[in-house]
1. Tell me which residues come under 5 Å, amide H to amide H, from residue 10 once H is placed; ignore anything under 5 positions away on its chain.
2. Roughly speaking, to the nearest percent, how much of the stretch 41-81's 1.4 Å accessible area is carbon and sulfur?
3. Using DSSP to define loop residues, name the trypsin sites (Lys or Arg not before Pro) in the stretch 1-75 whose beta-carbon has at most 11 other beta-carbon atoms within 10 Å.
4. Within 13 Å, Cβ to Cβ, of residue 15, how many net charges do the neighbouring residues add up to if Lys/Arg are +1 and Asp/Glu are -1?
5. For the stretch 34-102, report the accessible area per residue in Å² (1.4 Å probe, heavy atoms, rounded to an integer).
6. Between residue 36 and residues 5 or more places away or on another chain, which pairs have amide H atoms under 5 Å apart, with H built 1.01 Å from N, and which residues are they?
7. Let me know the volume per residue of the alpha-carbon convex hull for the stretch 1-112, in Å³.
8. Each residue of the stretch 28-44 in order: what ³J(HN,Hα) in whole Hz does its phi give by Karplus 6.51 cos²θ - 1.76 cosθ + 1.60, θ = phi - 60°, with x for Gly and Pro?
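The values are calculated or read from the model by the stated rules, or taken from the named source; none is laboratory data. Everything quoted here is computed from the prediction, not taken from an experiment. Here the Cβ positions follow ideal geometry from the backbone for every residue, glycine too, while neighbour counts run over all protein chains shown. To get the accessible areas, we keep the full protein, side chains included, count just its heavy atoms, and leave off ligands, DNA and RNA. Shrake-Rupley method; radii C 1.70, N 1.55, O 1.52, S 1.80 Å.
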Amino acid sequence: RTSGDRELWLDGETLRFRLLPNSEPLAFTAGLLRPRIYASRGLFTELSGDERSAVLRHERAHAAARDPLRCLLAAVVFQTVLVPGGAWLARRYNGLREVRADVAAARAPGRSRWSGRSCCLRSPRPSG
């Protein structure tokens, strides 16, 4: 276990994650064979407990479904095998996995009202 490794109790089970030093609220899941949740200090200082739990439930759903690996495989299949509209299909798949993670977070025991809404933290899109 490294200094960035943390654990917290969520919905009756231990959630393991890597703590990042960023002050912005940020959370994501990475890792192809053993997906791991990463969460920033800002997630714990800037969001309420209910908001933070919803985000962590969302990321837990990504890890449980091995979404990083699935996403890579979808990109390879849809974009390199000359599937007509492959890039669109890959983007659509990624959007659907975000919705699935939101639904899983909303259905989790002990969830808050907030977690029924989309809880993906994203950067604003550039205008223009």
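1. 15
2. Here it works out to 55 percent.
3. Of the trypsin sites (Lys or Arg not before Pro), the ones in loops of the stretch 1-75 whose Cβ has at most 11 other Cβ atoms within 10 Å are 1.
4. That sum, taken over residues with Cβ under 13 Å, equals +2.
5. Spelled out: the 1.4 Å probe surface of the stretch 34-102, per residue, equals 56 Å².
6. Amide H neighbours of residue 36: 30, 31.
7. Spread over its residues, the Cα hull of the stretch 1-112 gives 109 Å³ apiece.
8. 7, 10, 9, x, 7, 8, 10, x, 10, 8, 10, 9, 8, 4, x, 4, 8
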